[in-house]
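Below is one structure, written out as structure tokens, with a few remarks after it.
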Amino acid sequence: MKENRKRLLKRIVSFALAIVMMAGTFAVSVPDEVQAAAKEFKMKNNKATVKIYDKEKNAGLSDQGEIGLLNGKKVIWIKYKAPKDGYLKISASESTKASFSVGEWQLCNKSKSALSPVTIYRTDKTDSYYKTDYFGVKKGATYYLGVLAVTGVKIKAQFTACTDKSGTKKAKALNLKQKAEVKGLVKAGTTGSHWYKFTTTKNQPLNITIKPWMTGDLTVKVTGPGIYPSTATVKSTNWGESYVIRTVDGNRKPVAVKAGTYYVEIKPSSKSSTGMYKIKWN
């Protein structure tokens, strides 16, 4: 797996346990070439569902106790073309016959080259991060979701348009109004920085809140006249969970910083990080 993150590790471990508990033996088929299935997210009101039936299941465990899209196994490809800039929410649910569904997926470009990490889905868990991922997409671009299904599964897609107004460099940083939340879009395959700024007119404590809906992590750097440059990693553990960067003392009590202009640089932690986030400051 490409991402050494808590969320992904949990999914990998629980996936291996799920395979042990499931009845039946899954045979691994390794064709000479990866074959594409004729499936597509045909959106209606920005939503679509694609079914992979039990007879189409195409994966089992490798010698390492994992399955992977890049190890030569047959992949079921689901095509999608983005109507606008925005983000795609992909969710798995049980098929009509399986008691629960398990497998893995990965977002790829039109050439079927990877744009995201390979992540596990399993539907017997209540936590959404076991069966949902978010991907940032570009208007007019064609994407393929590569799926290895150990059982039949229903895969739901939901598109939400999103305009990213952040600056591409410090000199063009988007000015954030106090307490006003804005969205940022990390399109799949991009690595550029997103720049924001805000100005305080008096000495005061700072609270910068970031909520990720990401597949992969974000790196955040804050600079300004009253603080040393501070870098943090926002982990994708739960969708929409608040990550707060605060100015506090050793006892975690708020500390005021000097009045002035502060800059926030947000960028994907790796080339495979993608999705949407929200940011605001108090």
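The values are calculated or read from the model by the stated rules, or taken from the named source; none is laboratory data. Keep in mind that this is a model prediction, so the values were computed, not measured. When we count neighbours, we look across all protein chains shown, and the Cβ atoms used for this are built from the backbone with ideal geometry, even at glycine.
Could you check region 228-282 and list, in sequence order, the residues that are of a type in the set (A, V, I, L, M, F, W, C) and touching a residue at least 40 places away in the same chain (Cβ under 8 Å)? Steps first, please.
Step one: filter region 228-282 for residues of a type in the set (A, V, I, L, M, F, W, C), giving 232, 234, 239, 244-245, 248, 255-257, 259, 264, 266, 276, 279, 281.
Answer for region 228-282, where residues must be of a type in the set (A, V, I, L, M, F, W, C) and touching a residue at least 40 places away in the same chain (Cβ under 8 Å): Val234, Trp239, Val248, Val255, Ala256, Val257, Ala259, Val264, Ile266, Met276, Ile279, Trp281.
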Being closer than 30 Å to Lys280 by Cβ, modelled with pLDDT under 95 and out of contact with any strand residue (DSSP E or B) (no Cβ under 7 Å at 6 or more places or on another chain): is that true of Thr96 here?
no
Item to complete: Can you confirm whether region 187-206 contains a residue that is part of a strand (DSSP E or B) and among the aliphatic types (A, V, I, L, M)?
Response: no
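Results for (1) of a type in the set (Asp, Glu); (2) outside the structural domain of Leu176 (by TED's automatic domain parsing); (3) over 21 Å from the mean Cα position of the chain (by Cα), shown as yes or no for each residue.
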{"site": "Val220", "(1), (2), (3)": "no, no, no"}
{"site": "Tyr228", "(1), (2), (3)": "no, no, yes"}
{"site": "Thr233", "(1), (2), (3)": "no, no, no"}
{"site": "Thr237", "(1), (2), (3)": "no, no, no"}
{"site": "Asp249", "(1), (2), (3)": "yes, no, yes"}
{"site": "Lys258", "(1), (2), (3)": "no, no, yes"}
{"site": "Glu265", "(1), (2), (3)": "yes, no, no"}
{"site": "Pro268", "(1), (2), (3)": "no, no, no"}
{"site": "Ser273", "(1), (2), (3)": "no, no, no"}
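Going residue by residue through region 123-139, is there one that turns out to be in a strand (DSSP E or B), farther than 20 Å from Ser269 by Cβ and touching an Asp or Glu at 6+ places or on another chain (Cβ under 9 Å)? I'd like the intermediate steps shown before the answer.
Here is the first cut: in region 123-139, the ones in a strand (DSSP E or B) are 132-137.
Those left that are additionally farther than 20 Å from Ser269 by Cβ: none.
Scanning region 123-139, I find no residue that is in a strand (DSSP E or B), farther than 20 Å from Ser269 by Cβ and touching an Asp or Glu at 6+ places or on another chain (Cβ under 9 Å), so the answer is no.
If I filter region 221-233 for residues that are under 22 Å from Ser273 (Cβ atoms), buried (at least 18 other Cβ atoms within 10 Å of the Cβ), of a type in the set (Gly, Ala, Ser) and touching a Gly at 6+ places or on another chain (Cβ under 7 Å), do I get at least one hit?
Kept after step one, since they are under 22 Å from Ser273 (Cβ atoms), are these residues of region 221-233: 221-223, 229-233.
With the extra rule that they be buried (at least 18 other Cβ atoms within 10 Å of the Cβ), the set shrinks to 222.
Applying the additional criterion that residues be of a type in the set (Gly, Ala, Ser) yields none.
No.
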Examine region 250-260 for a residue that is surrounded by 16 or more Cβ atoms within 10 Å (Cβ to Cβ), in contact with a Leu (Cβ under 8 Å, 6 or more places away or on another chain), in a strand (DSSP E or B) and modelled with pLDDT under 95, and state whether such a residue exists. yes
Any hit, region 169-189, residues being at pLDDT below 95, β-branched (Val, Ile, Thr) and outside the structural domain of Thr126 (by TED's automatic domain parsing): no
The residue that is surrounded by the fewest Cβ atoms within 10 Å (Cβ to Cβ), considering only those in region 109-122 that are outside any loop (DSSP other than H, G, I, E, B) and not charged (D, E, K, R), is Ala114
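Among the residues of region 188-208, count how many are more than 18 Å from Lys165 (Cβ to Cβ) and more than 17 Å from the chain's Cα centre (by Cα).
From region 188-208, those more than 18 Å from Lys165 (Cβ to Cβ) are 188-189, 191, 200-207; that's our starting set.
Okay, now just the ones that are also more than 17 Å from the chain's Cα centre (by Cα), so 200-207.
The qualifying residues number 8.
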So, first residue of a type in the set (A, V, I, L, M, F, W, C) in region 110-134, second residue part of a strand (DSSP E or B), Cβ within less than 7 Å, six or more apart or across chains; the pairs are Ala114/Gln106; Ala114/Cys108; Leu115/Leu107; Leu115/Cys108; Leu115/Thr274; Val118/Glu104; Val118/Gln106; Ile120/Glu104
When (1) at pLDDT 90 or above; (2) assigned to a loop (DSSP other than H, G, I, E, B) are applied to Lys211, the one that fails is (2)
Out of (1) touching a Ser or Thr at 6+ places or on another chain (Cβ under 8 Å); (2) within 20 Å of Asn46 (Cα to Cα), the one Ala161 does not meet is (1)
